[in-house]
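Here the structure is laid out as structure tokens; the discussion comes afterwards.
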Amino acid sequence: MGLNAEINVVSLIDVMMLLMVIFMITAPIMQGGIDINLPKAEARPLEPKSGLVVSIDKNGGIHVDETVLTFSEFRASFKSLATERGREGVYLRADAGVPYGSVVRVLAVMRASGTPDVGLVAEPEQER
């Protein structure tokens, strides 16, 4: 009787499948984001797709995608960011509790940079 020199791959496949299941379960949980309570709108709201997303959180912090900026940093860098990453659209998300003046200041910077259209993101109102 000779030696069996084959690798037993059944246990390796089991480990690979287990790791794949673990990654499939934990990947959606690990996705970060900015905690924003969007205002509700009766009209059909926009959903941000793959363009540049500017968010204003409830404390007034400005987030460009995941990067936190002060207002002066945002004003200085938005034109180059919009030129570089805003080809597929620019979307503004603001928490419902943010003062109107803060939203207008950010929107004014976006318009002054030459961005023709800014999509305002909201949640749909629930049917009554």
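The values are calculated or read from the model by the stated rules, or taken from the named source; none is laboratory data. Given the structure is predicted, the values throughout are model-derived calculations rather than measurements. Here the Cβ is made from the backbone with ideal geometry for all residues, glycine too, and neighbour counts use every protein chain on show. Just the protein is used for accessible areas: all its heavy atoms, side chains included, with ligands, DNA and RNA removed. Shrake-Rupley method; radii C 1.70, N 1.55, O 1.52, S 1.80 Å.
A compact table of results
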item: Distance between modelled label sites at Y100 and M20, nm, 7 Å Cα→Cβ extension; result: 5.5 nm
item: C-alpha center-to-center spacing [the range 1-26, the range 67-128] in angstrom; result: 49 Å
item: Neighbour cut-off at most 16 other Cβ (10 Å), DSSP loop, GluC sites (Glu not before Pro), the range 66-102; result: E66, E88
item: Formal net charge of residues neighbouring S72 (Cβ-Cβ distance under 15 Å; K, R +1; D, E -1); result: +2
item: Å² of accessible area per residue within the range 48-102, as computed with a 1.4 Å probe and no ligands counted; result: 56 Å²
item: Residue-level accessible surface for K40, protein heavy atoms, 1.4 Å, Å²; result: 110 Å²
item: By accessible area with a 1.4 Å probe, ligands and nucleic acids excluded, highest first: order of L92, L19, L3; result: L3, L19, L92
item: Heavy-atom accessible area order for T115, T26, T70, T83, largest first, 1.4 Å probe; result: T83, T70, T26, T115
item: Check: the range 76-128 dipole with +1 on Lys, Arg Cβ and -1 on Asp, Glu Cβ, in debye; result: 300 debye
